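The structure under discussion appears below in the form of structure tokens.
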Amino acid sequence: MIYKNLLGILLLISTSTIAQTYLLDSVKSQYDFVDWKINKIKYADDSPAFTRLYKKLNTIAEGKEDDIHIFHIGGSHIQADIYSNKLRSYLQHMSPTAKGQRGFLYPYRMAKTNNPGNYKVDYDGEWKGYRCSVMKDSIAWGLSGVTAVFKDSVSHIKVQANYRNYKEHTYSFNKIRIFYNDWNSDYELKFKDSLIVAAHTENKEGHYVEFELNKTVEEIEFCVEKIGDSEEAEFLMMGLELMNDAHGIEYTTIGVNGASFAYYDRCRYFEEQLQLYTPDLFIVSIGTNDTYMIEFNADEFKAYYEQLIKSVLKANPEAAILLTVPNDSYYKKKYPNPNTRVARTVIYELAKQYRMAVWDFYEIMGGLNSSQKWYENKLMPKDRIHFTRRGYSIKADLLLEALTNSWETSLGLQPKTVLNQIINE
């Protein structure tokens, strides 16, 4: 495994309550190794997709109704859902019409890996987890890249849409989708309150069943129960989706510890399930694990990256895709990793080719070996790959500032008008 102590680190930081305080104005003089002036979304001015996105975002910021679906894909940084959750909170609370549904999530604890602190799934029975990033694992994976397998008679599951981080502005839902191996009929799904289900529909292409509820709830309990006595029977949990009828911004994270493009390519049903949605903004934060090696194949990296871009554009030809350059990191805690600079060149090439945008966090944080400075200032742990809670919070604020600045410029708005509205809500 790439990260020996990753699980412990992420469990510590992901279960803490994350303050939504905007930090940038108070820390700029403290961290002079960060290049604050180049914190920009590059090429967005030349991208029709980003112009459309900013117009939709501005409609919501003005308090009008619209629907925006943001996807953010990556590895352990995104599985932990720390800086992405801060961005989610910022955007969903910028106006009374901004908050959409919670949407797609994965019950990571069922797969014996770290779960974000903003929702909770309790269960009983024996489940075994498989991640697309573990080469010895082999199973059917969908959009999440994680699958938990159950082979016993019955498991009771409780899903809470709000946990730890969410005490105010809580999520509720009146529909729930359960993604699973619907090509088998060895198990059935039953709800603790049998009267709560008003209707249900199945989608064989997306491999889910959707239950419409007759009331709006913040948590729900159901069970997975075996039918018959087949020893070969198994239930594959591939994801959940908590839905309601609200308009606004929906922010979906897809993250797997240790994941790279090649690992996501192992997910048989990834593209089929992505096609269920219409991404307005797709943020790509894959690359740290791709470059974590002695010999980095830039051509292979580019081919995988381009394949993902094409899948997103297939789901929505008008999607805005933000290509983020991975952070500077260390290889085996000893050596500054030069491969990120090579990946950075590929990312810029693809952004220009597809008229998409780049957020160059590698350059912003200081370039090669800057992770040492972040570590010395307690913004990264000793691995110099991940970030501390404060480091993730600064990263979220940097991306928010870059995004709002680009948005304001694109629509001819006064500088910081959108940013100030969001951080002062």
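The values are calculated or read from the model by the stated rules, or taken from the named source; none is laboratory data. This is a predicted model, so every value here is computed, not measured. When we count neighbours, we look across all protein chains shown, and the Cβ atoms used for this are built from the backbone with ideal geometry, even at glycine. All accessible areas refer to the heavy atoms of the entire protein, side chains included, with ligands and DNA or RNA removed. Shrake-Rupley method; radii C 1.70, N 1.55, O 1.52, S 1.80 Å.
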Original post:
Quick one: would you say LEU322 is out of contact with any helix residue (DSSP H, G or I) (no Cβ under 6 Å at 6 or more places or on another chain), under 26 Å from TYR392 (Cα atoms), part of a strand (DSSP E or B) and modelled with pLDDT of 95 or more?
Top reply: yes
**OP:** Please state which of the following conditions GLY228 fails to meet, knowing it meets all the rest: (1) on the phi > 0 side of the Ramachandran plot; (2) at pLDDT 95 or above; (3) among the small types (Gly, Ala, Ser).
**Re:** (2)
Original post:
Across the range 227-260, what is the total count of residues that are open to solvent by 10 Å² or more (accessible area, probe 1.4 Å) and touching a helix residue (DSSP H, G or I) at 6+ places or on another chain (Cβ under 6 Å)?
Top reply: 1
Original post:
Within the range 295-308, is even one residue over 21 Å from TYR392 (Cβ atoms), modelled with pLDDT of 95 or more, open to solvent by less than 30 Å² (accessible area, probe 1.4 Å) and assigned to a strand (DSSP E or B)?
Top reply: no
Original post:
Does the range 12-43 hold any residues that are of a type in the set (Val, Ile, Thr), part of a loop (DSSP other than H, G, I, E, B) and either open to solvent by 60 Å² or more (accessible area, probe 1.4 Å) or modelled with pLDDT under 70 (or both), and which are they?
Top reply: THR15, THR17, ILE18, THR21
**OP:** Only residues that are out of contact with any Phe, Trp or Tyr (no Cβ under 7 Å at 6 or more places or on another chain) and open to solvent by 20 Å² or more (accessible area, probe 1.4 Å): list them for the range 383-413, please.
**Re:** THR388, ARG389, ARG390, GLU401, ASN405, THR409, GLY412, LEU413
Original post:
How many residues, within the range 77-94, are open to solvent by less than 10 Å² (accessible area, probe 1.4 Å) and more than 23 Å from GLN160 (Cβ to Cβ)?
Top reply: 1
**OP:** Of the conditions (1) in contact (Cβ under 8 Å) with a residue 60 or more places away in the chain; (2) under 24 Å from the mean Cα position of the chain (by Cα); (3) within 20 Å of ASP32 (Cα to Cα), SER370 clears all except one; give me its number.
**Re:** (2)
**OP:** From (1) in contact with a Lys or Arg (Cβ under 7 Å, 6 or more places away or on another chain); (2) within 16 Å of LEU87 (Cα to Cα), pick out the condition that doesn't hold for GLN372.
**Re:** (2)
**OP:** Taking TYR375 as meeting all but one of (1) out of contact with any strand residue (DSSP E or B) (no Cβ under 6 Å at 6 or more places or on another chain); (2) part of a helix (DSSP H, G or I); (3) open to solvent by less than 10 Å² (accessible area, probe 1.4 Å), write down the number of the exception.
**Re:** (3)
**OP:** Any chance you could count how many residues in the range 61-76 are outside any helix (DSSP H, G or I) and either over 22 Å from TYR305 (Cβ atoms) or open to solvent by 10 Å² or more (accessible area, probe 1.4 Å) (or both)?
**Re:** 8
**OP:** Being in contact with a strand residue (DSSP E or B) (Cβ under 9 Å, 6 or more places away or on another chain), within 22 Å of GLN273 (Cβ to Cβ) and surrounded by fewer than 21 Cβ atoms within 10 Å (Cβ to Cβ) narrows it down to one of GLY125, GLY142, GLY129, so name that one.
**Re:** GLY129
